[in-house]
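Have a look at the structure below, then the notes.
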Amino acid sequence: MTIVLELQRTIRDVPDFPKPGIMFKDITPVLMNADLFGRTLDALAEPWKNEKVDAIVAIESRGFLFGAGLAERLSKSLVLVRKKGKLPYSTISQSYALEYGEATLELHTDALQKGHRVLIVDDLLATGGTADATAKLVGRQGAIVAGFQFVIELGFLDGGKRLGPTSRALVRY
Ligand code: AMP
């Protein structure tokens, strides 16, 4: 069985979470299977092995799980993008629109260096708003977005188009 098929069979669909009409893609069954989780990290790392990447930027909170594994696999530094108020040191902030209202992400001011090439990692790409706000934070630090890596992409929401050709996902719905 391919890793993609295995992931499709293991990722759990939870209807109407966190609110009616949303089909939540629950990756916790993947984490519970140590062998599958390890091979998922291998598959996430594979396309980036020969790319010039200086840092992995992981998005809170499920992005941390995959971003940490990817940073370890690729021997790159791991940088955290967190929701407002969670990072302890001095930060820059970026707000973005949600379906209802607004959210803010933050990055430590010393996390990236000018000209550094970064790979942005999250568990799932939906509209691309979260990843796009993260890319803005990276750009404001003078760093360059080498690409985006997700475990899951909800293709019908066109987030991939918004982020461009450097966006990859293992599983597409
Ligand atoms: P977006 O900014 O619309 O691309 O949404 C992506 C973020 O929201 C990611 O951090 C995901 O973890 C989370 N997310 C959005 N939709 C879902 C979904 N259907 N299942 C699980 N997580 C989701």
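For the pair segment 86-118 and segment 1-37, the centres of their Cα atoms are 27 angstrom apart.
What is the antiparallel percent of DSSP beta bridges lying wholly in the chain, to the nearest 5? Among the beta bridges of the chain, antiparallel pairing accounts for roughly 35 percent.
Computed over the chain, the range of Cα coordinates on each principal axis works out to 42, 39, 30 Å, biggest value leading. On the basis of the beta-carbon distance and an R0 of 41 Å, residue 16 and residue 109 show a calculated FRET efficiency of 0.55.
In segment 1-130, Cα pairs under 8 Å separated by at least six residues give a relative contact order of 21 percent. Taking label positions 7 Å along the Cα-Cβ direction at both residue 4 and residue 50, the computed distance is 2.0 nm, reported to one decimal. The sum of -39500 (n - 2.57) across all DSSP H runs of n ≥ 4, divided by the residue count of the chain, sets its helix-only mean residue ellipticity at 222 nm to -9000 deg cm²/dmol.
The numbers here are math on the coordinates, done by the rules we state, and not lab data. Keep in mind it's a predicted model, so treat the numbers as computed, not measured. FYI the Cβ positions are ideal-geometry reconstructions off the backbone, even for glycines, and counts take in every protein chain you see.
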